[in-house]
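Enquirer: Have a look at this one before I ask anything.
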Amino acid sequence: MPIPQPFLDELQAVVIRALGAGATVSPSGPGRARVGPAAGGYSVLVPELVAIGGRLGALVATDRRGLGEGLLLEALILFDTAGALVEVSEPFPGPGATLRSITARVPAAHWQEREVAEMFGLELVLHPDAGRRLLHEHTPPGDHPLLRDRDAAQRLEFAAASPPAFRQVRGEGVHEIPVGPIHAGIIEPGHFRFFVLGERILHLDIRLGYQHKGTEKLFEGKPLGLGVHLAERISGDTTFGHALAYCQAVESLCKVSIPARAVWLRALALELERLANHVGDLGALCGDIGYAFGASHFSRLRGEFLNKSELVSGNRYLRGLCCLGGVRFDLEDAMARELERWLPRVRVDFEEVADIALEADSVAARFEGVGTLSPRAVRDLGIVGPAARASGVALDVRADFKCEPYRDLGFSPVLEPSGDVMSRARVRFREAQASLEMMVRLLASMPRGATRAPLSTPAPFAMGIGHVEGWRGEILTCAMAGPDGQLWRVRTRDPSVQNWLGLAQAVEMNLVSDFPLCNKSFNLSYSGSDL
């Protein structure tokens, strides 16, 4: 969709005010505009764009020294009401250059700035908490894995490690509770450092990186098609969402038009993934408070959605379905009829269980008023997905950016006002209802035709962008190819990268015993954040 001209005019005025008369805004694709590279493009312009309603989506750094340049930092700024994505870039001479933090003005940059600094060797200044993000203290100071001259096959040599630095909360009666990184359950590793007074949480420090796998480095030099398999493994419960975001990025790079039937089949799979996870989360929330009825029945229903995922793709997590140019498998008529018969029945079953569970007094007593996240915190921290919509903030890629086929099917986002655990549970319930209805509409009006289109040769060093509303929230993936047509740089921002900050904010002044419930109500990915 084209960017509205009044918005472009306002954007141009802000750019000139921030960077000078020589700075210009140029179109860079459907719904996209570009500013720079320009000195101050990041540190000066991005806060100005956020001040007029922009939202920091992702930071994408690239090492272009082999091209006779230096390092380039690009910020993707999203204007949801205009359905526009603005790329703002600032050049740096190379590793060791100074990156001026904007976190004090744009808190959503907090973790991403730290990640850019340690992966590319920039010196981060003016950051209020410039500690390690993914590479822990035992990583040698000069090792910056995403520089192009860093061999991916080179083993990481561990240095003597100093104790991790946590923010300190002092006062009479204040004490610390360290939890993790290894937990009692079969879950991913992460360290939580609670600062408490009595039973109340004053502050929570979250330390991740224990699952850092070097995923973005693994993309370098790989064929475009192989990248789909890597993307599917960024976060296993979002297999399809990440694969779709990667495919969209490469397809925009190659300027390929996806067949209509493939677009609709992708939407069907995306909603199936959303259903399985939302229903599973409702069961897990019930399990956390010992509400066995909800835990058992939501778990049973989740199994039904996973089984239907296997029906349409051959895999319960939809692995192998999404491919460059479309989808690998068509939906046979017999499968479509089976889904059409099943959807009304499973909807009645699901709504009956949810009505009982969410109206139970014992559930309300634990869910209501716990782990509240304000709309201002959502906007400041860049929170996305159900966590944002549960605080009344209407952010949804499907609606804001007029994504096909949602714009043709009358989609609107689900909102709840309270921002507590109950609101996050109700958003999941209502979004699951919406997904079931969306699947009925998709099956009823799905176009016939091809399910895959051939790719053209990608332009070297251009950037393609994939933008998907996964079940946790917005996924942003950027892809660049080299002159040989192989992947040169892939950057993925999982929604959890932003939403972990929301969890830390939501638990403040709550009881320590309510933390597991708050944590589950966000249900964030360690793997997607650690990469």
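Enquirer: Considering ARG441, ARG407, ARG424, ARG428, which residue is surrounded by fewer than 22 Cβ atoms within 10 Å (Cβ to Cβ), outside the structural domain of HIS242 (by TED's automatic domain parsing), modelled with pLDDT of 95 or more and not hydrophobic (A, V, I, L, M, F, W, C)?
Expert: Unique residue meeting the criteria: ARG441.
Yes/no per residue for (1) farther than 24 Å from GLN433 by Cα; (2) under 26 Å from the mean Cα position of the chain (by Cα):
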position	(1), (2)
GLU351	no, no
ASP355	no, no
GLU359	no, no
SER362	no, no
ALA377	yes, yes
ARG389	no, yes
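Enquirer: I would also like to ask the following. Can you tell me which residue within segment 492-513, out of those that are among the charged types (D, E, K, R) and either on the phi > 0 side of the Ramachandran plot or buried (at least 19 other Cβ atoms within 10 Å of the Cβ) (or both), is farthest from the chain's Cα centre (by Cα)?
Expert: Among them, the one singled out is ARG493.
Enquirer: Tell me, which helices (runs of 4 or more DSSP H) lie completely within segment 148-257 with 1 or more residues that are surrounded by fewer than 19 Cβ atoms within 10 Å (Cβ to Cβ)?
Expert: Here the list reads 215-219, 226-232.
Enquirer: A follow-up question, please. If you check SER435 against the conditions, is it closer than 29 Å to GLY294 by Cα, touching a residue at least 12 places away in the same chain (Cβ under 8 Å), surrounded by fewer than 17 Cβ atoms within 10 Å (Cβ to Cβ) and of a type in the set (S, T, N, Q)?
Expert: Criteria not met by SER435.
Enquirer: Test of understanding: among VAL378, VAL363, VAL353, which residue is among the aliphatic types (A, V, I, L, M), under 30 Å from ALA108 (Cα atoms) and surrounded by 12 or more Cβ atoms within 10 Å (Cβ to Cβ)?
Expert: When all the criteria are applied, what remains is VAL378.
Enquirer: Among the small types (Gly, Ala, Ser), within 18 Å of the chain's Cα centre (by Cα) and either surrounded by 22 or more Cβ atoms within 10 Å (Cβ to Cβ) or within 23 Å of ALA243 (Cβ to Cβ) (or both), is that true of ALA450?
Expert: no
Enquirer: While we're on this one: Looking at this structure, is GLU48 in a strand (DSSP E or B), on the phi < 0 side of the Ramachandran plot, within 27 Å of the chain's Cα centre (by Cα) and not hydroxyl-bearing (Ser, Thr, Tyr)?
Expert: Against the criterion (in a strand (DSSP E or B), on the phi < 0 side of the Ramachandran plot, within 27 Å of the chain's Cα centre (by Cα) and not hydroxyl-bearing (Ser, Thr, Tyr)), GLU48 does not qualify.
Enquirer: May I pose another question? Can you confirm whether ALA13 is surrounded by fewer than 18 Cβ atoms within 10 Å (Cβ to Cβ), within 29 Å of ALA388 (Cβ to Cβ), modelled with pLDDT of 95 or more and not basic (Lys, Arg)?
Expert: In short, no.
Enquirer: Right, here's the next one. Is it the case that GLY57 is in contact with a strand residue (DSSP E or B) (Cβ under 8 Å, 6 or more places away or on another chain) and in a loop (DSSP other than H, G, I, E, B)?
Expert: The answer is no for GLY57.
Enquirer: While we're on this one: Considering each of THR457, THR451, THR492, THR477 in turn, give the residue that is of a type outside the set (A, V, I, L, M, F, W, C) and at pLDDT below 95.
Expert: THR457
The values are calculated or read from the model by the stated rules, or taken from the named source; none is laboratory data. Bear in mind the structure is a predicted one, so any value in this text is a computation, not a measurement. Positions of Cβ are backbone-derived with ideal geometry, glycine not excepted, and every protein chain shown enters the neighbour counts.
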